[in-house]
1. Taking the stated definitions as given, is V118 of a type outside the set (S, T, Y), in a helix (DSSP H, G or I) and either open to solvent by 60 Å² or more (accessible area, probe 1.4 Å) or modelled with pLDDT of 90 or more (or both)?
2. Evaluate the following for A131: is it touching a residue at least 40 places away in the same chain (Cβ under 8 Å) and under 18 Å from A36 (Cα atoms)?
3. What residue, of G26, G94, is modelled with pLDDT under 90 and either open to solvent by 20 Å² or more (accessible area, probe 1.4 Å) or closer than 27 Å to G127 by Cβ (or both)?
4. In the stretch 135-148, which residues are open to solvent by 40 Å² or more (accessible area, probe 1.4 Å) and either touching a His at 6+ places or on another chain (Cβ under 9 Å) or not in a helix (DSSP H, G or I) (or both)?
5. For the stretch 43-71, which positions are open to solvent by less than 70 Å² (accessible area, probe 1.4 Å), outside any helix (DSSP H, G or I) and either at positive phi or not hydrophobic (A, V, I, L, M, F, W, C) (or both)?
6. Filter the stretch 156-175 down to the residues that are assigned to a helix (DSSP H, G or I) and of a type in the set (D, E), then identify the one that is nearest to P144 (Cα to Cα).
Amino acid sequence: MPSPLLCYARMDTEVPTPAQRFNGGGMKVPPFGDIAAWLAEIDRQAGLMRPSRRLYERFDRTARALTPDRIRRCDDGVSVADLVVRLRAARHPGGQDLHGLDRVWSRAELGVLITEAVNRQRQLAMGRLEARPKGPRLDPRRLPDARLEHLIQHHRDLGLVEALRAERRRRDLAGGGHAA
């Protein structure tokens, strides 16, 4: 019986329907476009779980479709919050599941997924859809004029103060910054 969640599967890739099988007997799983569909499919497969190697393999393939990159691209805060709860619960299994998320990943892999999910949850809570661009911790070019002046006057690191003064001179020559 095909999953009713196939409507959420991405159709732009060449993946057979779930009824087709690998040579070893395991089933192929469609790539899901978002975390909500992945969570729903995990729930559906967990509800059908019996002591069967093919079911275990299918569940593992579906679970491994969750990658840090997919978590970073997710913009649904509710799904990410649910994902954080489930991944944290998988870290300390209670033994009630026949085959759950705790059996899919190693502790290190699970830790990476938890970290990505928590970071994404915090970003979405702040209203940030994209991660902050990487760069130096203190970039003088990005400082407002008032903060630049304050750091020139009060910072203890003289090397940094020289870099800040160079930035002030650059702004003065450009004509848009500090007026002495």
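The values are calculated or read from the model by the stated rules, or taken from the named source; none is laboratory data. In this text, all values refer to a predicted model and were calculated from it rather than measured experimentally. Every residue, glycine as well, gets a Cβ built from its backbone with ideal geometry; the counts of neighbours run over all protein chains shown. Note: accessible area is taken over every heavy atom of the protein model, side chains too, but ligands, DNA and RNA are not part of it. Shrake-Rupley method; radii C 1.70, N 1.55, O 1.52, S 1.80 Å.
1. Judged against the criteria, V118 is a match.
2. no
3. G94
4. G135, P136, R137, L138, P144, D145
5. Of everything in the stretch 43-71, those that are open to solvent by less than 70 Å² (accessible area, probe 1.4 Å), outside any helix (DSSP H, G or I) and either at positive phi or not hydrophobic (A, V, I, L, M, F, W, C) (or both) turn out to be S52, T67.
6. Looking at the filtered set, the residue picked out is E167.
Each row is one residue, and each column tells you yes or no for (1) open to solvent by 40 Å² or more (accessible area, probe 1.4 Å); (2) in contact (Cβ under 8 Å) with a residue 12 or more places away in the chain; (3) touching a strand residue (DSSP E or B) at 6+ places or on another chain (Cβ under 8 Å).
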residue	(1), (2), (3)
R73	yes, no, no
S79	no, yes, no
D82	yes, yes, no
R86	yes, yes, no
A90	no, yes, no
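For every residue, the table says whether it meets (1) within 23 Å of D75 (Cβ to Cβ); (2) surrounded by 14 or more Cβ atoms within 10 Å (Cβ to Cβ); (3) at pLDDT 95 or above.
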position	(1), (2), (3)
L101	yes, yes, no
S106	no, no, no
G111	no, no, no
Q123	yes, yes, no
E130	yes, no, no
P133	yes, no, no
G159	no, no, no
A166	no, no, yes
